[in-house]
Each structure stands twice: as structure tokens, then as C-alpha cells.
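The values are calculated or read from the model by the stated rules, or taken from the named source; none is laboratory data. Please read all numbers here as calculations on a predicted model, not as lab measurements. All Cβ positions, glycine included, derive from the backbone under ideal geometry; neighbour counts span all protein chains shown. Heavy atoms of the whole protein, side chains included, go into the accessibility calculation; ligands, DNA and RNA do not. Shrake-Rupley method; radii C 1.70, N 1.55, O 1.52, S 1.80 Å.
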Amino acid sequence: MAKIISIANQKGGVGKTTTAINLAAGLAKAGRTTLVVDIDPQCNATSGLGVEPALRHPLVAGQPIGESIVATTQDRLRVLPGSHSLTDADALSASNRERASSLRRQLNTELSEIDYIFLDCPPSLGQLTRAALAAAHEVYIPIQCEYFAMEGLSQIIELARQSKARDNHRLEIGGIVLTMYDPELELSNEVAAEVRGYFAETVFESLIPRDVHISESPSHGLSVLDYAPRARGARAYTELVMEVIDRE
Ligand SMILES: Nc1ncnc2c1ncn2[C@@H]1O[C@H](COP(=O)(O)OP(=O)(O)O)[C@@H](O)[C@H]1O
Ligand SMILES: [Mg+2]
């Protein structure tokens, strides 16, 4: 059975999509068949993996999900493409308890050969993120090592707590990922220390540095692991992958 992990934070630009793509790519390299499910109408995860967005979102188009899965240039790494259709985003988010559990059932039964499924969420606490939390086993929360990081964190954690209480009793906070870390900046170190102080081992040890190779790689349709395997950013994501595997 696949492990379903939602990558969520209501703030934009914190590294959700980047973390979804690179964790998925790293796990695929480690022999895990991995699927990125793009539920953000911006479709950044889809295009960042070199795949065209779909006209209709595969989760609401009424066809078996398996038929809509697209292979990437990397072995074992697949995408369920997002769609720019806002009508489909509405349909996808018109979610209730039944729909969320059916999404999880659909993902698990139709995709039995998949080991990991990452749901790349949009930057909001709205219905799409709620639906993704309701369908997941775990949520990973990327946060930027910057001043308002902690403030935003409490809101997404509260949403996860609500989801666990209401419609997904098994949901766990699988980990907090510190992104865009800059060791030269006092603030970056302070934020990292503060987050670890509150959330202890929920925070992954690996610090994802700010690295231009990470931001360049999506325009080539590649993970940073393939685009610039020796870059600091690639090493950091590889370490993060090891931690995820250690938690299996
Ligand atoms: N560690 C990093 N170093 C440099 N640029 C990054 C890093 N992580 C993300 N980026 C860039 O920052 C922008 C926002 O990241 P993204 O993953 O799209 O955030 P989100 O999905 O949370 O909105 C993108 O242009 C991305 O390429
Ligand atoms: Mg994104």
C-alpha cells in the first residue's frame, strides 16, 4: 500500500512544490515507485517535471486514475498532472468525508504498485488543502527560514489537527522541512533553532539551503538531483530522502 503524504503550507513560495518534486525524485532513485499528484491549479509540480497539465483534472474527470498517470524522464517517477481548470479545482475541493476517503481508496487500490504518493497542495488553507489532508497518512510542512515562519506554521498545524479530529484519524505530522536556509544569516539560524525548540524531532535534520540550482531545475523539467547532482541543494534533498527512508 502506498504511503500518501500531503505537502502543505498556506504560504506560497516556501518550497512545497520543490520539496514534492525532489523528494519524489530521490525516493524513485532509491528504488521506490513514486507518484506526484498535482492538485494546485498552478500546475507547477506538473511542469517542473516536464509534463503538460491536463485539460480536465484526472481526479474528477471520471476515468480510472491509472490511465492518466504520466511517466517522467526518470525511472519510477510518475505524475498525475494538475489542471488549470478552476471548475475542476472546485469539483476537486467540493470535498466531504466520503469523498476524501474515496480519494484515498482510489489512490490505494488503483495504484497498488506505487510506494509513495505526494500530494502537492496549493498555497491556501482552503478546500483543496483540506481534501489533501483528509486523504493523506502524513503531512510534510516546508517552511522558509525567515521571520514569519513560525506564525504560519501554527495555522497549518491547527488545520491538520482539525482534519485528524474530524475526518482522518490516522493523519500524522510526518515532518517539518526547513527550506531556503542560509548559514550566513543570523535570522536563518535563529528560525531553525526556534522551530526545533518547539517541534523537536518532528523537524527533519536536513536543512535545505538556498541554492540557485534548485530554482533553475524546474525550467528544464528535471529534479535538482538530475539537473545538478553535485550541487548543495541536490545533496541536501538526498539527505532528506535518507531521513524519509529511515522513518519507513
Ligand atoms: N532551496 C531553494 N533555493 C533556491 N530557490 C528555491 C529553493 N526552494 C524553492 N526555490 C524556488 O522558490 C520558488 C518557490 O518555491 P516553490 O517550491 O514553488 O514554493 P511553493 O510550492 O511553496 O509555492 C520557486 O521559484 C523555486 O524554484
Ligand atoms: Mg507550489
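Points to keep in mind about this one:
- From the options Ala45, Ala20, Ala8, residue that is aliphatic (A, V, I, L, M), within 11 Å of ligand 2 (Cβ to nearest atom) and touching a Gly at 6+ places or on another chain (Cβ under 8 Å): Ala45
- Test: Val177 is surrounded by 18 or more Cβ atoms within 10 Å (Cβ to Cβ) and assigned to a helix (DSSP H, G or I): no
- Members of segment 74-88 that are surrounded by 13 or more Cβ atoms within 10 Å (Cβ to Cβ), of a type in the set (S, T, N, Q) and not in a strand (DSSP E or B): Gln74, Ser85
- Subset of segment 208-225 that is crowded, with 18+ Cβ neighbours inside 10 Å and in contact (Cβ under 8 Å) with a residue 60 or more places away in the chain - its residue that is nearest to ligand 2 (Cβ to nearest atom): Pro218
- Taking the criterion of being open to solvent by 20 Å² or more (accessible area, probe 1.4 Å), more than 23 Å from Cys43 (Cα to Cα), more than 10 Å from ligand 1 (Cβ to nearest atom) and not hydroxyl-bearing (Ser, Thr, Tyr), the residues of segment 226-248 that qualify are Pro229, Arg230, Arg235, Glu239, Met242, Glu243, Ile245, Asp246, Arg247, Glu248.
- Tally, over segment 27-73, of residues that are over 28 Å from Ile245 (Cα atoms), open to solvent by 60 Å² or more (accessible area, probe 1.4 Å) and hydrophobic (A, V, I, L, M, F, W, C): 1
- Residue match in segment 117-137 (condition: in contact with a strand residue (DSSP E or B) (Cβ under 7 Å, 6 or more places away or on another chain), surrounded by fewer than 22 Cβ atoms within 10 Å (Cβ to Cβ) and either hydrophobic (A, V, I, L, M, F, W, C) or not in a loop (DSSP other than H, G, I, E, B) (or both)): no
- In the set Ala132, Ala91, only one residue is within 16 Å of ligand 1 (Cβ to nearest atom), of a type in the set (Gly, Ala, Ser) and more than 28 Å from Leu185 (Cβ to Cβ); that residue is Ala132.
- If you go through segment 24-70 and keep only what is within 23 Å of Ser215 (Cα to Cα) and in a helix (DSSP H, G or I), you end up with Ala24, Ala25, Gly26, Leu27, Ala28, Lys29, Asn44, Ala45, Thr46, Ser47, Gly48.
- Filter result (in contact with a strand residue (DSSP E or B) (Cβ under 9 Å, 6 or more places away or on another chain), surrounded by fewer than 24 Cβ atoms within 10 Å (Cβ to Cβ) and not small (Gly, Ala, Ser)) within segment 143-152: Gln144, Glu146, Met150
- Qualifying residue in segment 32-46 (condition: over 19 Å from His84 (Cα atoms) and small (Gly, Ala, Ser)): no
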